[in-house]
Amino acid sequence: MAFYYGVSGQSSSAAAWAAAAAGMVQPPPPPSSRPWSKAEDKVFESALVAFPEQTPNRWALVASRLPGRTAQEAWDHYQALVADVDLIERGMVDAPGSWDDDAAAAGGRRTRGGGEDRRRGVPWTEEEHRLFLEGLEKYGRGDWRNISRWSVKTRTPTQVASHAQKYFIRQASVATRGDTKRKSIHDITTP
């Protein structure tokens, strides 16, 4: 774990409390209750990359890129980030969606709740289709979110809705045209 080391070589909070105990200075102020903005988080993340863990005075350097933030606030924010990542990796909470609104608006990739990247253009497997049919039976037509969440966990609600649309079109065309030359996964009608 990285620590902010002051001039004496002690961690910043240990050095500050030691100085306060000796009567030299006031104890450090409590962490700021001011929330971090999206812009500050982006600058913070860039600063973490610019100043790797072994960088002397890392947290002071990170804070120097964040006007109005102290080295202690940067350190506290980092600790909160590490704790959040730990909870996500242990599966205790869902991974958050993308904060990058510009990338999302431009069709950028987002992550699902499970942390998996969205699969583009990958055909549905028979197993996924059977799970879809079970979900359709259980949750009904139109409840794509629950079918995605509880039945076909490998697909997003939008992908489930698109698959359903193709499935229902195929069922309607088979009913009116009879037998078709090309076989399709949509011909499977029982779970």
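The sole residue among S148, S162 that is under 20 Å from E134 (Cβ atoms), in contact with a Lys or Arg (Cβ under 8 Å, 6 or more places away or on another chain) and free of Cβ contacts under 8 Å to residues at least 24 places away in the same chain is S148.
Quick grid of which residues meet (1) within 30 Å of K183 (Cα to Cα); (2) modelled with pLDDT under 85; (3) part of a helix (DSSP H, G or I); (4) open to solvent by 70 Å² or more (accessible area, probe 1.4 Å):
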position: A83; (1), (2), (3), (4): no, no, yes, no
position: D86; (1), (2), (3), (4): no, yes, yes, no
position: A103; (1), (2), (3), (4): no, yes, yes, no
position: R130; (1), (2), (3), (4): yes, no, yes, yes
position: E134; (1), (2), (3), (4): yes, no, yes, yes
position: G142; (1), (2), (3), (4): yes, no, no, no
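For E126, state whether it is open to solvent by 100 Å² or more (accessible area, probe 1.4 Å) and modelled with pLDDT of 90 or more. Write out each step before concluding.
Working: open to solvent by 100 Å² or more (accessible area, probe 1.4 Å): yes; modelled with pLDDT of 90 or more: yes.
Yes, satisfied.
Screening A161 against (1) closer than 22 Å to S184 by Cβ; (2) outside any loop (DSSP other than H, G, I, E, B); (3) open to solvent by 40 Å² or more (accessible area, probe 1.4 Å) leaves a single unmet condition, (3).
The values are calculated or read from the model by the stated rules, or taken from the named source; none is laboratory data. Keep in mind that this is a model prediction, so the values were computed, not measured. Neighbour counts are summed over all protein chains in view; Cβ atoms, including those assigned to glycine, are modelled from backbone coordinates with ideal geometry. Just the protein is used for accessible areas: all its heavy atoms, side chains included, with ligands, DNA and RNA removed. Shrake-Rupley method; radii C 1.70, N 1.55, O 1.52, S 1.80 Å.
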